[in-house]
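Input: a single structure, listed below in C-alpha cells.
The values are calculated or read from the model by the stated rules, or taken from the named source; none is laboratory data. Keep in mind that this is a model prediction, so the values were computed, not measured. Heads up, the Cβs are rebuilt from the backbone with ideal geometry, glycines too, and the neighbour counts pull from every protein chain shown.
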Amino acid sequence: MLRNRRFSFAVLLMGVLMGFSLAVPAALPAFVGDQPLPTLAPMLEKVTPAVVNIATESRVERAWSPLLDDPFFRHFFNIPQKPREERIQSLGSGVIVDSRKGYVVTNHHVIDRADTITVILRDGRRLQAKVIGSDPETDVAVIQVKETDLSSLPLANSDALRVGDFVVAIGNPFGLGQTVTSGIVSALGRTGLGLQGYEDFIQTDAPINVGNSGGALVNLRGELVGINTAILAPGGGSVGIGFAIPSNIVKRLMEQLVRYGEIQRGQLGVVIQDLTDDLAQAFGIHQNEGALIAQVMPDSAAERAGLKAGDVVLSINGKPVGGAGQLRNDVGLLRIGERIRLDVLRDGQRLTINATIGKVSSSQAPRWEFGPGSASGATT
C-alpha cells in the first residue's frame, strides 16, 4: 500500500513539473553540450569599426517652374535668368582599407558629383573626405580622410570564394545607421546585367538595400570579399538578389586610382564573341571554355603579338576564360603597358602568346555588339 502511494505521488509530482515546464517559455541554452552557441558577435566587433556611413551633398541649379524655360515669360515678369540652387543629399556606405593613409573604398555612384563628402565612423566621428580617384565603368571609388586611430579591413582572395560560403553584408540601408545582414554566396562571375561597363559580380542573398552601396561583404573570418554595389529589386526592396564587386578586382582598381587618380584602361584590339554549340564542338572544347577572336584590329596590340582571327583564347595569365564577357573584364582591369600571357587554341594546337596592353584608340573604343542567336561580341 505504501509503495503504491509513493508511486502515485511520484507520478503526480512528475505531472505537475511537466505542466509547469510547458507553461514557461523555452530559452536557448548558453551551451550545446560543452560547446558555446555560435555567434558572429566577436567577428563583427572587429569588423564594424572599419565600415563607415557616407553622407554627400551636391548643389544643382534648377528652375522654379517649367514656365521659367520660356524667355518671354521671364522677360514679362522680370525674373532673373539664373535658376535657383538646390541642395541634394544622399547616403551610402564605405570601407576603410588603409587605416594609416585613411583610404576608404566605396562606389562611384555614392560620391559622384558630390560637393562635400562626410564619412561617419561607428563611434560617431564625422570626417571630411576628398576624392582620390573614381571609375564609373566599374563603379569603384577611393576617398581619403585625415584621421588617426582608424580601423581597416584586410582584403581576402575573392577567387577562393565558393557558392554556398557564408557572408555578411554591412552598410547603411535607408540611412538607418550601421546594419548587419547575413547570407551565402549565391553565384559567382555574374556578367551581362547591364549595371556597369565591366561586370564580374558576386551574387548573394544577404539582404542589401538602398544605402548599402559601397559597404562591406565579409567572410566569417572578417575579411573583405566584396564591395556591395547593386540589387535586383522589382518591388523597391531586397528580394535576396544582391551583387558585390569582388575584392581582387577592388584591389587592382584601388592601386591604379591611388597612383594615377584614374583607371588607365588599355586594349588588345580584338573583336571577340562567345562560342556557339557548333563552334565549341568543332574546336573540341566546352561552350563555356574560352572566347573566340572574330577580328584582329590593324596596328593593334593583338596584331603585334601575333593573334589571329579564329584563335580561341583559353586563359589569360593562367586564369581560365569562361567567355567573351569575362575576357573583356579581365583585359579591362589591366593597365596600359602591362604584359600578359594568353593561352590560345589555333588549328587544334595550343599556343602561348605574350602581348602588351595598348592604348584605346577612338576607332577601337570598347563596345558591345549582338550577333545572330545567342552569340555576343565585344571589342577589347
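Before moving on, here are some points about what is shown:
- Selection within the range 171-200: residues that are part of a strand (DSSP E or B) and out of contact with any Ser or Thr (no Cβ under 8 Å at 6 or more places or on another chain). The member of this set that is farthest from SER238 (Cα to Cα) is GLY189.
- Any hit, the range 201-216, residues being outside any loop (DSSP other than H, G, I, E, B), closer than 14 Å to LEU153 by Cβ and in contact (Cβ under 8 Å) with a residue 24 or more places away in the chain: yes
- Failed item in (1) assigned to a loop (DSSP other than H, G, I, E, B); (2) out of contact with any Phe, Trp or Tyr (no Cβ under 8 Å at 6 or more places or on another chain); (3) closer than 16 Å to GLN326 by Cα, with LEU275 passing the rest: (2)
- Annotation note: Cβ proximity below 7 Å between a residue of the range 342-356 that is part of a strand (DSSP E or B) and a residue that is basic (Lys, Arg) (sequence gap 6+ or interchain) occurs for ASP343/ARG350; ARG346/LYS308; THR352/ARG341; ASN354/ARG339; ASN354/ARG341; THR356/ARG339.
- Odd one out for ILE227 among (1) within 22 Å of ILE336 (Cα to Cα); (2) assigned to a strand (DSSP E or B); (3) within 27 Å of the chain's Cα centre (by Cα): (1)
- Screening PRO173 on (1) closer than 17 Å to VAL250 by Cα; (2) of a type outside the set (S, T, N, Q); (3) under 17 Å from the mean Cα position of the chain (by Cα) shows it passes everything except condition (1).
- Condition check for LEU253 on (1) surrounded by fewer than 20 Cβ atoms within 10 Å (Cβ to Cβ); (2) modelled with pLDDT of 90 or more; (3) hydrophobic (A, V, I, L, M, F, W, C): one failure, at (1).
- Selected residue (only one of ALA301, ALA280, ALA294 is surrounded by 15 or more Cβ atoms within 10 Å (Cβ to Cβ) and within 22 Å of LEU253 (Cβ to Cβ)): ALA301
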